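Read through the structure below, which is laid out as structure tokens, and then see the notes.
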Amino acid sequence: VLVLTAGADVQKDRIEVTVIGWGVAEESWGIEHRTLLGDPEKLEIWQDLDDFLNKKWRHPSGATLRIACATVDSGYSTRNVYAFTKPRQPRRVYAVKGSNRNGAPLVTKRLVKMGRTTVFFVGGDTAKDSIFARLRIEEEGPRYIHFPHGNGFDEEYFRQLTAEEVRTRMQHGFPIRYYKKI
């Protein structure tokens, strides 16, 4: 692991946050997944998230690693996500919003007028295609994802990770790919 990143998803009663370690050729390691219980309308859960994002992890070499960049999904509790991320942008903590447009680029950047917050738009289908392709890789190496036993990577984590499947429907005579919750 050369660098750590984190991604957080805000729900009505919790924030789910995952730290991933990245190595050469996009080989990655699940470092820790944590569920922070609480109401995103209250400051306490945001302080818990900030504390978690400031955590240090010990590398097997003895070095200390911190999160180099983090994203927080702004699809729910948008105002609170922007309020949290804007002052933390110098620490590379950014708001993200999913794009449901087919074929959208993996990441695009926009400046949102609400407090001039930087928001990165993520092509949802593009991201899911990448994740599912990586999950099919069976040999360690480029783009392979390692998951530890424990550290929050439990059965529920994997149930949520694989909760959708790709399907195709016809629209105006053309096949349209989409993800459906199963």
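Calculated from DSSP H runs of 4 or more alone, at -39500 (n - 2.57) each and per residue, what is the 222 nm mean residue ellipticity of the chain, nearest 500? Let's see the in-between values first.
On the way: 4 runs with 38 residues, N = 182.
Rounded to the nearest 500, the figure is -6000 deg cm²/dmol.
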Residue 154 accessible area, 1.4 Å probe, all protein chains in place, Å² to nearest 10: 80
Leaving out ligands, DNA and RNA, what percent of the accessible area of segment 11-157 is carbon and sulfur, probe 1.4 Å? 52
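Over the residues of segment 128-182, compute the C-alpha Rg and express it relative to 2.2 N^0.38 Å.
Numbers: Rg = 14.7 Å, N = 55, 2.2 N^0.38 = 10.1 Å.
My calculation over the Cα atoms of segment 128-182 gives 1.46.
Roughly how big is the chain's charge dipole about its Cα centre, with Cβ charges of +1 (Lys, Arg) and -1 (Asp, Glu), in debye to the nearest 20? Intermediate results must be reported in sequence, preceding the final value.
Working: 29 positive and 23 negative charges, 202 e Å.
Here the size comes out at about 980 debye.
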Once segment 27-83 is represented by equal point scatterers at the alpha-carbon sites, with solvent omitted, what log10 I(q)/I(0) does the Debye formula produce at q = 0.12, 0.21, 0.29, 0.30 Å⁻¹? -0.37, -0.93, -1.38, -1.42
Separation of the residue 158 and residue 59 label points, Cα + 7 Å toward Cβ, nm: 2.9
Built amide H within the under 5 Å cut-off of residue 99, gap 5+: 122, 123, 124
Residues whose modelled amide H sits under 5 Å from the amide H of residue 72, counting only those 5 or more places away in sequence or on another chain, are 8, 94, 95, 96
Percent of beta bridges antiparallel (DSSP, the chain, rounded to nearest 5): 70
Quick one: length gained pulling residue 25 to residue 169 fully straight, 0.36 nm per residue minus the C-alpha distance? 48.4 nm
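Report the full-extension gain for the segment residue 127 to residue 66: residue separation times 0.36 nm, less the Cα-Cα distance, to one decimal in nm.
Additional length available on full extension: 19.6 nm.
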Probe 1.4 Å, all protein chains present, accessible-area order of 73, 13, largest first: 13, 73
Could you pull out every residue, at least 5 positions away or on a different chain, whose amide H is within less than 5 Å of the one on residue 11? Hs are placed 1.01 Å off N in the peptide plane, and Pro or chain starts have none. 16
Per q in 0.11, 0.19, 0.20 1/Å, what log10 I(q)/I(0) does a Debye calculation on the alpha-carbon atoms of the chain return? -0.53, -1.50, -1.60
What fraction of the DSSP beta bridges in segment 96-155 is antiparallel, stated in percent and rounded to the nearest 5? 65
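Ranked by accessible surface with a 1.4 Å probe, highest first, in what order do 42, 12 come?
Putting 42, 12 in descending order of accessible area: 12, 42.
The values are calculated or read from the model by the stated rules, or taken from the named source; none is laboratory data. This one's a predicted model, so the numbers in the text were calculated from it and none came from an experiment. No Cβ is skipped: glycine too gets one built from the backbone with ideal geometry, and neighbour counts run over all protein chains shown. In case anyone asks, the SASA skips ligands and DNA or RNA and just uses the protein heavy atoms, side chains included. Shrake-Rupley method; radii C 1.70, N 1.55, O 1.52, S 1.80 Å.
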